[in-house]
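Q: One structure follows; several queries about it will come next.
None of the figures in this text is laboratory data; all of them are computed from the coordinates on show. Because the structure is a prediction, the values reported are computed rather than measured. We place every Cβ from the backbone using ideal geometry, glycine too, and count neighbours over all the protein chains shown.
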Amino acid sequence: MFTKRVRSLIRRLSPLSRQLGLFERLTVVIPPPKRQHAEPARPPTTRNWAPQSAVSALPPLTQGPINVRRAGKSRISDSKLSSIWAELIQQFFPERTELLAYTVAWSTRRQRRTLASCNLRRKLVNVALELNRPDCDQWLRPLLYHELCHAVLGESIGREGGRRAWHGREFRELERRHPHIKALDLWMKQGGWKHVVRSHRSQQAAKARLK
Ligand SMILES: [Zn+2]
């Protein structure tokens, strides 16, 4: 009952939140086993970018690019993720140095369906915090390469059947260039991601019991 109420409250708040830019993101939702991609709700806009004065008022950061869009919630790149991102650009798209400006960070919330997302407008790539464990390191490259392909193709990606084909032919042709994409797909199909989520949940629960 309580959950129902909360859900309906969230539903009612959502349009407002979207207007305020709170929940707005271009999420690359990847439910196992088949990947899906949510199309952005509206065309690109610079309306929500923080003015330069707000940016310069921010405290200095020690590392990584800064997300200027939300002065209150700026994100900092994770050093491991951003170095993989930079290596992938160097290896596959050396001419696209502007993509180095992306912030690449672990998600701040737990994820159940989304392994990673690429927000073209905020130049932000989020990777599920559940994947921040040594046995998942091997998946970070193909996963970040997938998001990099979104960044490379941008919002001008072709349409198929009247909708922007985020994972259409153009995308798949580009994605295929990475040698480990197939292995990542197979890992997801075989329940690898589900296992990671379950194991993260149980670790968190065990920690909570110890407190
Ligand atoms: Zn995608």
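Q: Looking at (1) surrounded by fewer than 22 Cβ atoms within 10 Å (Cβ to Cβ); (2) under 15 Å from the mean Cα position of the chain (by Cα), can you tell me which one Val127 breaks?
A: Every listed condition holds for Val127 apart from (1).
Q: Would you be able to say whether some residue in the range 139-156 is crowded, with 18+ Cβ neighbours inside 10 Å, within 14 Å of the ligand (Cβ to nearest atom) and outside any helix (DSSP H, G or I)?
A: Scanning the range 139-156 turns up no residue that is crowded, with 18+ Cβ neighbours inside 10 Å, within 14 Å of the ligand (Cβ to nearest atom) and outside any helix (DSSP H, G or I).
Q: Turning to a different aspect of this structure: Taking the range 71-90 only, how many residues are farther than 20 Å from Arg121 by Cα and surrounded by 15 or more Cβ atoms within 10 Å (Cβ to Cβ)? Reasoning before the result, please.
A: So in the range 71-90, the residues farther than 20 Å from Arg121 by Cα come out as 79-80, 83-84, 87-88, 90.
Now drop any that are not surrounded by 15 or more Cβ atoms within 10 Å (Cβ to Cβ), which leaves 84, 88.
Of the residues in the range 71-90, 2 are farther than 20 Å from Arg121 by Cα and surrounded by 15 or more Cβ atoms within 10 Å (Cβ to Cβ).
Q: Can I ask one more? For a quick check of your reading of the model, give me the residue pairs whose first member lies in the range 151-167 and is under 21 Å from Val125 (Cα atoms) and touching a residue at least 40 places away in the same chain (Cβ under 8 Å), whose second is within 14 Å of the ligand (Cβ to nearest atom) and acidic (Asp, Glu), with beta-carbon atoms closer than 7 Å and at least 6 apart or on different chains.
A: Here the result reads Arg164/Glu39; Trp166/Glu39, each pair linking the range 151-167 to a residue that is within 14 Å of the ligand (Cβ to nearest atom) and acidic (Asp, Glu).
Q: A follow-up question, please. Could you check the range 159-211 and list, in sequence order, the residues that are surrounded by 12 or more Cβ atoms within 10 Å (Cβ to Cβ), within 14 Å of the ligand (Cβ to nearest atom) and either more than 20 Å from Cys118 (Cα to Cα) or basic (Lys, Arg) (or both)?
A: Arg164, Arg172
Q: Tally up the residues in the range 91-117 that are without any contact (Cβ under 8 Å) to a residue 60 or more places away in the chain, buried (at least 20 other Cβ atoms within 10 Å of the Cβ) and not hydroxyl-bearing (Ser, Thr, Tyr), please.
A: Filtering the range 91-117 down to residues without any contact (Cβ under 8 Å) to a residue 60 or more places away in the chain leaves 91, 93-109.
Applying the additional criterion that residues be buried (at least 20 other Cβ atoms within 10 Å of the Cβ) yields 102-104.
Imposing the further condition that a residue be not hydroxyl-bearing (Ser, Thr, Tyr) reduces the set to 104.
Selection size over the range 91-117: 1.
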